[in-house]
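Peer 1: The following block contains the structure, expressed as structure tokens.
Derivation of every value follows stated rules applied to the coordinates shown; laboratory data play no part. Treat the numbers as computed from the prediction; the structure is a model and nothing was measured. FYI the Cβ positions are ideal-geometry reconstructions off the backbone, even for glycines, and counts take in every protein chain you see.
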Amino acid sequence: LAVFRVLPLILFALIAGVSLFMLVDRRYESEEALEDIEYKGQLLHNISTDASYHFNANEAHASNNHNNIWSARWKQLGAECATEQRLANTTDLHCGFSNKGEITIQPLIENEPGTCGGVRLEPNYCLMPSRGEWIWGHQSNETMLPPLPRRFGSYHHRVNSSEEKDEATNQSSPRCNTQQDIFDGNKQESPDNFDREWVPNSCSLVPLNPFTWTDNSKCQVTIVMMGDSHIRNLFTATVHGLRGSSAFAEAHAGNDAKDTGIILTYEWRKAIDGDDNQRASDHYVVHQNTHNQRDYTSLFDECPCNEDINTRCLRIAFIWAPHFADQVKHVQLVNDLNADLVIVEPGNSYDGTTVLSNEWTSAMEMILQQPKNDHRHLAVLHFPYGIQPNGRSEAIEAWISPNNNSTTTAITEHTRKRISYWQQGKFGFGGMQSRKTWHYACGLGRIQVKNDVVQSIEMCTDEADTSYIRAITTLHFDAFGVTPR
């Protein structure tokens, strides 16, 4: 009887304890988020007014040439915004990780909008402008802040391009040659929490800079990315990194649009005139209803290549293709665009039963063995969390292993050196953002209904994807044009 009398009390205590824990945890998260938002808003204001937050890249790479790439800054051109890339046209804007949002942001500074993880929260704000241009300091009367030097790579930049060798004050570590060299490093902090990076101990990562990426190409560099929202995060972080954005949130199409086909493209173009003056601009486009498309060459304007090499083009395409079979269907796109580097994901949670598709591995092998693209490289970027079959990582590692004799085609040693496999999460970025939202990038919580919720837990910098695109392009930099290490 005593047991039966005590049992209800025990159950009540357990329920009360759980409820109290949830209440305290929720209150803590709410208070922490509010403090975090106030801190971020003040920090963003400090960054915009205090140049000491930035490393002056031009001092480290001094030059009398007005066309020095480190003095160029991206600036929006016109008012056009990419499709579905605006916040709601309402003052009811929120910051949080649920669809309803928990905190309505008020202006932290008089006559200025509030921020969410560094992203401006103002009605109708464009998250991804369609067009922009690069302005050099001598071309503008405006105060032009330097881009974040650590995150985008100018702080630890090691000179590799012919343009910069005569301008650098000193030489330092060579570009990283192996994944082991890249992972042998550490995350470096700075006074500015918007500006952190992964730094290898004995070598350097390629900067996230369009001038550097195209310096060794004969005319153009083309990157194709295929996968789900994690590869889309990589694409978005790449575009914002090339533009030098300090913080960003990603908007995306709804399920109906995805079902009929979505391709995102980004094109950067540089031209040099007879007086050796550079002009550079870019263009971001959302292409819808692409499933029935048969010729993909029209996704980009033709790059006017010529023998004088007065033009450089960087073209990046993201294809919504979350399943193995979806990526196999888009092999033609890779060939139509003459891709130099292909970045794919291995099914992630969308293929929850197939460990590794033989049809997919065969298609990836054929991508690398196109006679006209023997310089093409392939990077497999895996988000290894969520519901996925056991053994996928081991299967991928076995597939690209030199000891694997079970491939459907004869992979030569030259081909194997052009394949890499990466698991996200190893650079130590993402923290609470990835745990709460399963993504490294901040996103919008109400697509196609009311873009009013920025899902921000930490700074909206996506340092994780920024680190990975820099690491991948470093390892596969030869795909952009052969250059000595």
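Peer 1: Which order do peptides 220-226, 459-465 fall in by mean Cβ count within 10 Å, highest first?
Peer 2: 459-465, 220-226
Peer 1: List the GluC sites (Glu not before Pro) within the stretch 278-385 that fall in a DSSP loop (any state other than H, G, I, E or B) and whose Cβ has at most 13 other Cβ atoms within 10 Å.
Peer 2: Those that pass, being in a loop and sparsely packed, are Glu302, Glu307.
Peer 1: Any idea what the dipole of the stretch 265-341 comes to, in debye rounded to 20, about its Cα centre with Lys/Arg Cβ at +1 and Asp/Glu Cβ at -1?
Peer 2: The dipole magnitude comes to about 400 debye.
Peer 1: What is the distance in Å between the Cα centres of the stretch 352-396 and the stretch 222-237?
Peer 2: For the stretch 352-396 versus the stretch 222-237, the Cα centre distance is 15 Å.
Peer 1: Tell me the net charge near His252. Cut-off is 11 Å between Cβ atoms, His252 excluded, with +1 for each Lys or Arg and -1 for each Asp or Glu.
Peer 2: So the surrounding residues net to -1.
Peer 1: OK, next. From zero outward in steps of 10 Å, how is the percent of C-alpha pairs of the stretch 266-383 spread across the bins?
Peer 2: Per 10 Å bin, starting at zero, the Cα-Cα P(r) for the stretch 266-383 comes out as 11, 37, 32, 14, 5, 1 percent.
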